[in-house]
Structure formats: structure tokens, C-alpha cells
Amino acid sequence: MTWQELGQQQLLMYTTAWCPDCHRLKRILNERKVPFAEIDIEAHPDAAERLQRQTQRTAIPFVQLNGGPMVRGWHEDAPGRFSADIFLAEAAAALQAVGNA
């Protein structure tokens, strides 16, 4: 999957105002001109519950693709805690798993 292909999907990023990984992912998506919406899980507790139900985690950022699968927006072992290759591969796999690739 390319950034251009990702930009053709509907992205909803689960964030908080204080999350450095969230700020990083927003910057990366903006730099690559990938449109996304975001929802602050502290301002919207129902979104936090939805995130935990779908991912069994409360970590952020997560990006929901086309209202379906979730993809994590951080990678602990990657330099800068983010790998574009991992993110795009996980997004492609998530979409393929639900038949949207």
C-alpha cells in the first residue's frame, strides 16, 4: 500500500491532546497529504470504550480504516517510534482481511 492509496480510504484517528505519538502521526499524515478525521478519546468517552472493545487496548494513536479495522500508529522498536513501512503494511493487511484492499 502507498500513502496515495491510504489517502483514498476513510481514516479516523483516535487521539488525545497530550499524546506525542498522536502528534507525530498527524504530522506524518499531513505531510503526505493523507486526509483523516480525529476523535479525542478523553473528550469522547464512548470513543475510548469503542477503541478498547475493538483493540483490547487503550494505547493511542489507532487509526480506523473505512469504519472497520484498526491499525496502530506507533511502533515501539522503530526509530522515532514509527515505521512507515510497518504502518502501511498493517493497513494493507487490515483492509485485505475485510475485503477492502
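Just so it is clear, none of the values below were taken in a lab; they were calculated from the coordinates. The structure presented is a predicted model; accordingly, all values stated were derived computationally and were not measured. Cβ coordinates were reconstructed from backbone atoms using ideal geometry, including for glycine residues, and neighbour counts include every protein chain displayed.
Here is how the numbers come out for the structure above:
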{"quantity": "For the chain, built as a Gaussian network whose Cα springs stay under 10 Å, the top-fluctuating residue of VAL63, VAL71, VAL34", "calculated": "VAL34"}
{"quantity": "Highest-first arrangement of 39-45, 87-93, where packing means the average Cβ count within 10 Å", "calculated": "87-93, 39-45"}
{"quantity": "P(r) histogram, all alpha-carbon pairs of the stretch 1-93 included - 5 Å bins from 0, percent", "calculated": "3, 14, 27, 29, 19, 9, 1"}
{"quantity": "Computed FRET value (nearest 0.05) for ARG24 with ALA93, which takes r as the C-beta separation and R₀ as 25 Å", "calculated": "0.70"}
{"quantity": "Nitroxide proxy distance, nm - points 7 Å out along Cα→Cβ at ALA78 and GLN10", "calculated": "2.5"}
{"quantity": "Value of relative contact order over the chain, rounded to a whole percent, pairs C-alpha under 8 Å and six or more apart", "calculated": "30"}
{"quantity": "Amide hydrogen neighbours beyond the local backbone of GLU38, cut-off 5 Å, H modeled", "calculated": "MET13"}
{"quantity": "Neighbour-limited loop hits for trypsin sites (Lys or Arg not before Pro), the stretch 1-74 (at most 12 other Cβ within 10 Å; DSSP other than H, G, I, E, B)", "calculated": "LYS33, ARG57"}
